[in-house]
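Heads up, the thing below is written out as structure tokens.
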Amino acid sequence: EKQKEIRRLTNGLALSDIQFLKSIGHIDIIAPFIKSRTNILIKDFASQVDVFGITPDYMETVNFNLKSGRYLSDLDNLNFNKVCVIEENIITESGNKVLIGDFITIDQEFFMIVGILKSKDLKDEGSEIKDIQSINKRIYIPLNSSSRYISRSMLDPEIDGIILKVDDVNFLKEVATK
């Protein structure tokens, strides 16, 4: 109860915003995310990286390429599965000792690696990420798992952002004003 009360006091986004967006029309994809700066441990390699709680739609909006394994699924999100997709540079930094099926510790919780993303080149045509310091150093987990297992302040918004993909660019202004 208290958590819900505090969250209402913040100016951030909430899951209820997604329901509203679904009613607008001309939106093909609605991809909410939660971003946390979190400690990880992969075997004997410790680091601090950005961990994104996402839905499977998120991967469609940012043009990631899978190197091996699989993306996160709707079932992973629905079941609060402790699974993750990791970007290739984290594996390189850890000494290339990481395989699909290995476990890593994220915020003191064990998650199984189910996918590895190819590194993105900032010069790539489809590259949407411009944050140079954290490029290719991110871990993705199901949105519901992030809400349940990753530590956040009670004052943080329920979700940190929503990426939208509209069906026709001509309706972008209309969608934005609603």
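Observations
- Of everything in the stretch 100-111 that is touching a strand residue (DSSP E or B) at 6+ places or on another chain (Cβ under 7 Å) and open to solvent by 50 Å² or more (accessible area, probe 1.4 Å), the residue that is farthest from VAL83 (Cα to Cα) is ILE100.
One line per residue, one yes/no per condition, for (1) part of a strand (DSSP E or B); (2) at pLDDT below 95:
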{"residue": "PHE111", "(1), (2)": "yes, no"}
{"residue": "VAL114", "(1), (2)": "yes, no"}
{"residue": "LEU122", "(1), (2)": "no, yes"}
{"residue": "GLU125", "(1), (2)": "no, yes"}
{"residue": "ILE141", "(1), (2)": "yes, no"}
{"residue": "ASN144", "(1), (2)": "no, yes"}
{"residue": "SER147", "(1), (2)": "no, yes"}
{"residue": "LYS165", "(1), (2)": "yes, yes"}
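- Positions within the stretch 38-48 being of a type outside the set (Lys, Arg) and either under 16 Å from SER147 (Cα atoms) or open to solvent by 60 Å² or more (accessible area, probe 1.4 Å) (or both), in sequence order: THR38, ASN39, LEU41, ASP44, ALA46, GLN48
- Remark: LYS137 falls outside the filter, which requires a residue to be under 13 Å from VAL51 (Cβ atoms), of a type outside the set (Phe, Trp, Tyr) and modelled with pLDDT of 95 or more.
- Condition met for SER151 (over 16 Å from VAL62 (Cβ atoms), under 18 Å from the mean Cα position of the chain (by Cα) and modelled with pLDDT of 90 or more): no
- Any hit, the stretch 61-70, residues being in a loop (DSSP other than H, G, I, E, B) and within 16 Å of SER145 (Cα to Cα): no
- Matching residues, the stretch 49-68, being closer than 19 Å to ILE106 by Cα and either of a type in the set (Gly, Ala, Ser) or open to solvent by 90 Å² or more (accessible area, probe 1.4 Å) (or both): GLY53
- Candidate set from the stretch 1-15 (those that are open to solvent by 40 Å² or more (accessible area, probe 1.4 Å) and either in contact with a helix residue (DSSP H, G or I) (Cβ under 9 Å, 6 or more places away or on another chain) or at pLDDT 70 or above (or both)); member that is nearest to PHE110 (Cα to Cα): LEU15
- Filter result (within 14 Å of ILE54 (Cβ to Cβ) and open to solvent by 40 Å² or more (accessible area, probe 1.4 Å)) within the stretch 81-99: ASN81
The values are calculated or read from the model by the stated rules, or taken from the named source; none is laboratory data. Predicted model only: the values in this text are computed from it and were never measured. Virtual Cβ from ideal backbone geometry, glycine too; neighbours counted across all protein chains shown. Accessible surface areas use protein heavy atoms only, side chains included; no ligands, DNA or RNA. Shrake-Rupley method; radii C 1.70, N 1.55, O 1.52, S 1.80 Å.
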